[in-house]
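Structure, as structure tokens:
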Amino acid sequence: MAEAALNRLGRATGVLGLSAVVVNQCLFNVDGGERAVHFDSLRGGILPTERKEGTHFIVPIVQRPIIMDIRTKPREIPSVTGTKDLQMVNIKLRVLWRPIEGELPKLYRELGTDFDERVLPSIGNEVLKSVVAQYNAEELLSKRAEVSSRIKEQMMTRAKHFHLLLDDVSITHLTFGREFMRAIEQKQVASQEAERQHWVVQRA
């Protein structure tokens, strides 16, 4: 009798263990700052809806959740490009970006999970070359705010085509080639010398 009871207890434990495994396979969690898209092999790919924070149900084997981070992240985009007067300029952008909620299934279907690596450097270089080529070297320095604003506007427009939202775009680094910097220094020295001569003449 005791042996039969032990057998029943063993079977019950086995059933409970199997049930726990099945339940665990049927549920998944989405943490704060994340969203999930579903891959469904029976429906032929990514489902059009996304799952928000919380615990969700899936059909094991048939469905698979893909967790995506939607928090704002920084990225630096370097570029070497030419100005209107053919001066080479080293420029770096700092971009704060995040994927657009509601468009995550499209984003994953079109670009996968490494979308930021594939999209941001490409559109960053494209926009930088396009905008910088419209200014000469001195204008880049004197009209930096205008240049930055145009770059930001064009970057945001381009990013939306790839289901990305840019919270901020700013120029963090801007330097020219040695020849141009030498010419600028010589110009500043000449200007200071002219001012000094003018002061000497006035004093005399």
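If the chain linking residue 80 and residue 67 were pulled fully straight, counting 0.36 nm for each residue of separation and taking away their Cα-Cα distance, it would gain 1.2 nm. Within the accessible surface of segment 65-154, defined with a 1.4 Å probe on protein heavy atoms only, the carbon and sulfur portion equals 47 percent.
Spin-label pair residue 53-residue 138: with each label point 7 Å from Cα along the Cα-Cβ axis, the two points sit 5.5 nm from one another.
Distance between the pseudo-spin-label points of residue 130 and residue 148 (7 Å out from Cα toward the beta carbon): 2.1 nm. Computed extension gain for residue 96 through residue 160, at 0.36 nm per residue and net of the alpha carbon distance, reaches 21.7 nm. Computed from backbone phi, the HN-Hα couplings of segment 60-76 come to x, 6, 6, 10, 9, x, 10, 7, 10, 7, 10, 6, 5, 10, x, 8, 9 Hz, rounded to whole numbers (Karplus: 6.51 cos²θ - 1.76 cosθ + 1.60, θ = phi - 60°; Gly and Pro given as x).
Here the simple spin-label model places points 7 Å from the Cα toward Cβ, and for residue 106 and residue 199 these points are separated by 6.2 nm. For residue 52, the lysines whose Cα falls under 27 Å of its own Cα, not counting residues fewer than eight places away in the same chain, are 73, 106, 160. Ordering of 134-140, 169-175 by packing is 134-140, 169-175, highest average first (other Cβ atoms within 10 Å, averaged per residue).
The values are calculated or read from the model by the stated rules, or taken from the named source; none is laboratory data. The shown structure was predicted, so the numbers you read here are calculated from the model rather than taken from an experiment. Ideal geometry is used to build each Cβ from the backbone, glycine not excepted, and the neighbour counts take in all protein chains shown. These accessible areas exclude ligands, DNA and RNA; they are computed on the full protein's heavy atoms, side chains included. Shrake-Rupley method; radii C 1.70, N 1.55, O 1.52, S 1.80 Å.
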